[in-house]
Amino acid sequence: MLLQTLNLSDLKLANRLVMPPMATESTADGKVTQKLIDYYVARSGKIGLIICEHAYVSPRGKASPGQLRLDEAADMQGLRALTTAVHEQGVTKIIQQINHAGPQTKVVENPFVVDTMTAADIAAVKNEFVAAALRVKTAGFDGVEIHCAHGYLLNQFYSPRKNHREDEYGGDVAGRLRLTCEILTEVRRAVGADYLVAVRFGAVDYRENGSLLTEVAPAAKLLVQAGADLIDISGGLTGFMRRDCVTPGWFKAEAQAAKIGGGVPVLLTGGITSRETAEDLLAAGVCDLIGVGRPLLQNPGVIDALLGNDSAE
């Protein structure tokens, strides 16, 4: 099944293998470098989809020193060079993840905190995501992914451990997910009905008083109703790893719940390193796409091992 095609919105993926977003810190003050282009080109040409590492939507949402930027000062010429270079390899589609770090930042002195954000703050963040999504489309990416995982701002809104608001942006699943859904709706309106819009969803916190597995299905339904074509499952406050789980496909229970609730394709990443494991997860209906992260970060040759040398035929 890994070699089967898959339609996502108006995209047809050549296979089910995905390179998930992983920060490389390879920019120059947020601008695209030749090193960054070479990195993605080396992993293009056979893999079905690349999700480009997270880019910040505003300076106040910057996570780390070398993070890619998609705010008003985005390097549009460099981003176009990146997408062109990947597309020239053939087969591979590339989408861009956009993010607001919130309190999960290493560089911002006065970051937004969920409980103290004003209505004006929330409106500004929504506008920044929409503007960034439009830049993504202009730069030639095949889609955009909204980052709501790993303890960043939107994920902290979703987590009851971090979100204690008493207005419409707090409380139950719908309230805690409201900001992400409003962003999805506005992004969808801005980029059009046929442009791929994905969401990376930190489904469960695995922390006391955090988000729960039982909430994943209703959350996925809300995300899809808001405009998501693809749900990219990962961890919440626990991050992209689960140290309590050693079985490949760390978040497979969450992926299954998201498939049931959302009814759209689901991407699963986490500890998957072999074609056999990937095929088993796909055949079992756990997910529709397989993400392989760290092995690909270290060695692009992993693609051949997973897909076979004839995968680009």
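The values are calculated or read from the model by the stated rules, or taken from the named source; none is laboratory data. From a predicted model like this one, the values you see are computed outputs, not experimental measurements. In this analysis, Cβ positions are derived from the backbone assuming ideal geometry, glycine residues included, and neighbour counts consider all displayed protein chains. Side chains are part of the model used for accessible areas, which takes the heavy atoms of the whole protein and leaves out ligands, DNA and RNA. Shrake-Rupley method; radii C 1.70, N 1.55, O 1.52, S 1.80 Å.
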Check your understanding: How long, wide and thick is the range 224-313, going by the Cα atoms along their three principal axes, in whole angstroms, largest first?
Key -> 39, 33, 22
Point to revise | 5 angstrom amide H check on G30, placed H, neighbours 5+ away | key: none
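What whole-number value in Å² describes the accessible area per residue of the chain for a 1.4 Å probe?
Solvent-accessible surface per residue comes out at 39 Å².
Quick one: putting +1 on the C-beta of Lys and Arg, -1 on the C-beta of Asp and Glu, what dipole do you get for the range 54-118 around its Cα centre, in Debye to the nearest 20? Display every interim value, and only then the final one.
Working: 6 positive and 6 negative charges, 25 e Å.
Value, rounded to 20: 120 debye.
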Exercise for review: Write down, largest first, the equivalent ellipsoid semi-axes of the chain in whole Å, where each equals the square root of 5 times an eigenvalue of the alpha-carbon gyration tensor.
Suggested key: 28, 23, 17
**Study point:** Vicinal HN-Hα couplings computed from phi for the range 126-135 (Karplus, 6.51 cos²θ - 1.76 cosθ + 1.60; Hz; Gly/Pro x)
**Key:** 4, 4, 5, 5, 5, 4, 5, 4, 5, 5
Check your understanding: Tell me, how many Å apart are the Cα centres for the range 93-171 and for the range 48-77?
Key -> 12
Review point. Under unit Cβ charges (Lys, Arg +1; Asp, Glu -1), what dipole magnitude, rounded to 20 debye, does the chain have relative to its Cα centre?
Key: 180
Point to revise | Of V57, V199, V125, the one that fluctuates the most in a GNM where the chain has Cα springs shorter than 10 Å | key: V125
Revision key, fill the gap. Note on the range 217-291: contact order normalised by length, alpha-carbon pairs under 8 Å, 6 or more apart, percent, works out to 35
**Study point:** Long-range amide H partners of I94 with built H, under 5 Å
**Key:** I50, D142
Review point. Which one of I183, S159, Y195 has its Cα pushed farthest toward the positive end of the charge dipole of the range 157-228, where Lys and Arg give +1 and Asp and Glu give -1 at the Cβ?
Key: Y195
Check your understanding: With a sphere of radius 11 Å drawn around the Cβ of G192, what net charge do the other residues whose Cβ falls strictly inside it have (Lys, Arg +1; Asp, Glu -1)?
Key -> +1
Check your understanding: Do any of K31/K259; K35/K106; K35/K62 go past 25 Å between their Cα atoms, and which?
Key -> K31/K259
Point to revise | Selection from A133, A14, I95 lying farthest towards where the dipole of the range 1-155 points positive, charges on Cβ | key: A14
Study note, to complete from the structure: Asserting the computed 222 nm helical MRE of the chain (DSSP H runs at least 4 long, -39500 (n - 2.57) per run, divided by residue count, to nearest 500) equals -10000 deg cm²/dmol
Practice item. Find out how many positive minus negative residues lie around D167, taking Lys and Arg as positive, Asp and Glu as negative, among other residues whose Cβ is under 14 Å from that of D167. Key: -3
Review point. If you take the charge dipole of the chain about its Cα centre, with +1 on Lys and Arg Cβ and -1 on Asp and Glu Cβ, which of G261, Q67, G308 is farthest toward its positive end?
Key: Q67
Revision key, fill the gap. Quick note, the range 1-121: a/c under 1.5 would make it rounded; otherwise a/b > b/c is prolate and the rest oblate (a ≥ b ≥ c, C-alpha gyration tensor); here it is prolate
Check your understanding: In percent, what relative contact order does the chain have, based on Cα pairs under 8 Å that are 6 or more apart in sequence?
Key -> 17
Check your understanding: In percent, how large is the relative contact order of the range 72-175, given Cα pairs closer than 8 Å and 6 or more residues apart?
Key -> 33
Review point. Per-residue HN-Hα couplings for the range 35-41, Karplus 6.51 cos²θ - 1.76 cosθ + 1.60 at θ = phi - 60°, whole Hz, x for Gly and Pro?
Key: 4, 5, 4, 4, 4, 6, 4
Point to revise | Fraction of accessible area attributable to carbon and sulfur, the chain (%, probe 1.4 Å) | key: 49
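If you average 1/r over every pair of different alpha-carbon atoms in the range 134-218 and take one over that average, what Kirkwood value in Å do you get?
13.6
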Practice item. Could you go through the range 105-113 in sequence order and give the Karplus-derived ³J(HN,Hα) for each residue, using 6.51 cos²θ - 1.76 cosθ + 1.60 with θ = phi - 60°, rounded to whole Hz, and x for Gly and Pro? Key: 10, 9, 10, 8, 6, 10, x, 5, 10
Practice item. Note down the net charge around T24, summing +1 for each Lys or Arg and -1 for each Asp or Glu among other residues with Cβ under 10 Å from its Cβ. Key: -1
